[in-house]
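Q: First the structure, then my questions, so here it is.
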Amino acid sequence: MAICLKISEVTAFRSELEGLLESVQEDTREAQLEAAKTGKVIDFSAERKVIEQCEAALARIDSGSYGICENCGEDIELSHLKADPLARFCISCKGLAEP
Ligand SMILES: [Zn+2]
């Protein structure tokens, strides 16, 4: 089943994802500088995960599969996408995939 996101909606999601990606990358860079200065060991796995998810979502926009549940192939509810642009699952599959 094909998603019926409007072009304007896709554009809005793309810029939101690009903005999120940029800010996480910026935060990570700053934290890395801080870590290098202070010798602190910082765990960047959460940031890396967000960066990966942003890049994956942008790739899905490019390939036209953005907004489609990776589990059941149904459209992800628009309200859910707006709340979480990184969403990969529809609401009913999200409960199953992320306990
Ligand atoms: Zn689903």
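Just so it is clear, none of the values below were taken in a lab; they were calculated from the coordinates. Predicted model only: the values in this text are computed from it and were never measured. So basically every Cβ, Gly included, is an ideal-geometry build from the backbone, and we count neighbours across all protein chains shown.
Q: Report, by residue number, each residue of the range 64-99 that is more than 8 Å from the ligand (Cβ to nearest atom), over 23 Å from LEU21 (Cβ atoms) and buried (at least 16 other Cβ atoms within 10 Å of the Cβ).
A: ASP75
Q: Here are GLU34, GLU26, GLU30, GLU18: which of them is out of contact with any strand residue (DSSP E or B) (no Cβ under 8 Å at 6 or more places or on another chain) and touching a residue at least 12 places away in the same chain (Cβ under 8 Å)?
A: When all the criteria are applied, what remains is GLU18.
Q: Can you name the residue in the range 1-59 that is within 17 Å of ILE76 (Cα to Cα) and basic (Lys, Arg) and, of all such residues, is nearest to the chain's Cα centre (by Cα)?
A: This residue is ARG14.
Q: Of the residues GLU47, GLU34, GLU30, which single one is away from the ligand (no atom under 13 Å from the Cβ) and either on the phi > 0 side of the Ramachandran plot or touching a Ser or Thr at 6+ places or on another chain (Cβ under 7 Å) (or both)?
A: Only one candidate passes the filter, namely GLU47.
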